[in-house]
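Read through the structure below, which is laid out as structure tokens, and then see the notes.
The values are calculated or read from the model by the stated rules, or taken from the named source; none is laboratory data. These figures come from a predicted structure and were not determined experimentally. Heads up, the Cβs are rebuilt from the backbone with ideal geometry, glycines too, and the neighbour counts pull from every protein chain shown. Only protein heavy atoms, including side chains, enter the accessible area calculation; ligands, DNA and RNA are left aside. Shrake-Rupley method; radii C 1.70, N 1.55, O 1.52, S 1.80 Å.
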Amino acid sequence: MTMMNQKLFFIATLMIGVVVSSCTSTRFAEKKFQEAKQVEPYDVVIVPGVPYMDKGFGSVFAARILWAKYLMDSGITKNVIFSGAAVATPYTEGIAMKVIADSLGADPKHTFSETRAEHSTENAYYGMKMAQKMGFNRIALATDPFQTKSLRKMLKKRCNNMPYVPVVFVRIDPTKKRALFLPTIDPKDAFVPNFVPLADREGFFERLRGTYGKHINFNE
């Protein structure tokens, strides 16, 4: 096999892997969505944060907010907790995401912000603790399929086997163009003065510990 053919073979294999992974994630997410429709509505779903940027939105950021609104409109949940501190940008993620969701038509009386979490494991755990303090009993996680799969062990072990409703992208983006649009907001309520990014506050291995939930005091 020539060098050029080897490169083409590698690219083709990589593309096939991406397609298969995408199809698998779609089936996984749709299955969980259908399961959620068969049970009573959740009291609240927890949506992990994504950094808010004042010069445009990433597709994951948009997808999580649009999915939260879709779940509310579909009757899957009445309430949403957006979880996330200011981690990579000087905007508290949970607050910015709530403001955008409200501007999309979500009832602000039923959207809430958890502002302590700096890692996905903390989003799930601190979001659950906040929900319990608010009196919610039926609690679920709502995020993209990749993050859902990475958190399943944590949800089972530390979050009372919390169920999950992963994003079904085709339901929020029927054209499959990933043209996910969000309204422009005034992010002043989410702005953190004298902000220092997490990457400047913690070294790589310390952040990795946080990713695995090692910063959480489960006894508090």
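In table form, for the structure just shown:
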| item | result |
| --- | --- |
| Candidates Leu155, Leu198 - the one that is of a type in the set (A, V, I, L, M), surrounded by 13 or more Cβ atoms within 10 Å (Cβ to Cβ) and more than 18 Å from Trp67 (Cβ to Cβ) | Leu198 |
| Residue in region 59-67 that is farther than 28 Å from Phe195 by Cβ and either outside any loop (DSSP other than H, G, I, E, B) or of a type in the set (Asp, Glu) (or both) present | no |
| Positions within region 75-106 being part of a loop (DSSP other than H, G, I, E, B) and either out of contact with any helix residue (DSSP H, G or I) (no Cβ under 8 Å at 6 or more places or on another chain) or open to solvent by less than 40 Å² (accessible area, probe 1.4 Å) (or both), in sequence order | Gly75, Ile76, Gly84, Ala85, Ala86, Val87, Thr89, Pro90, Thr92, Ala106 |
| Counted residues, region 113-147 - those being touching a helix residue (DSSP H, G or I) at 6+ places or on another chain (Cβ under 8 Å), in contact (Cβ under 8 Å) with a residue 40 or more places away in the chain and crowded, with 19+ Cβ neighbours inside 10 Å | 17 |
| Residue in region 142-151 that is outside any helix (DSSP H, G or I) and more than 23 Å from Asn79 (Cβ to Cβ) present | no |
| Residues of region 23-46 classified as surrounded by 16 or more Cβ atoms within 10 Å (Cβ to Cβ), at pLDDT below 90 and either in a strand (DSSP E or B) or charged (D, E, K, R) (or both), total | 1 |
| Region 184-194, subset open to solvent by 100 Å² or more (accessible area, probe 1.4 Å) and not in a helix (DSSP H, G or I), residue farthest from Val87 (Cα to Cα) | Thr184 |
| Breaking point among (1) open to solvent by less than 60 Å² (accessible area, probe 1.4 Å); (2) more than 21 Å from Ile100 (Cα to Cα), for Asn161 | (1) |
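Results for (1) within 23 Å of Ala63 (Cβ to Cβ); (2) within 19 Å of the chain's Cα centre (by Cα); (3) of a type in the set (Ser, Thr, Tyr); (4) part of a loop (DSSP other than H, G, I, E, B), shown as yes or no for each residue.
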| site | (1), (2), (3), (4) |
| --- | --- |
| Glu122 | yes, yes, no, no |
| Tyr125 | yes, yes, yes, no |
| Arg171 | yes, yes, no, no |
| Leu182 | yes, yes, no, yes |
| Val196 | no, no, no, yes |
| Phe218 | no, no, no, yes |
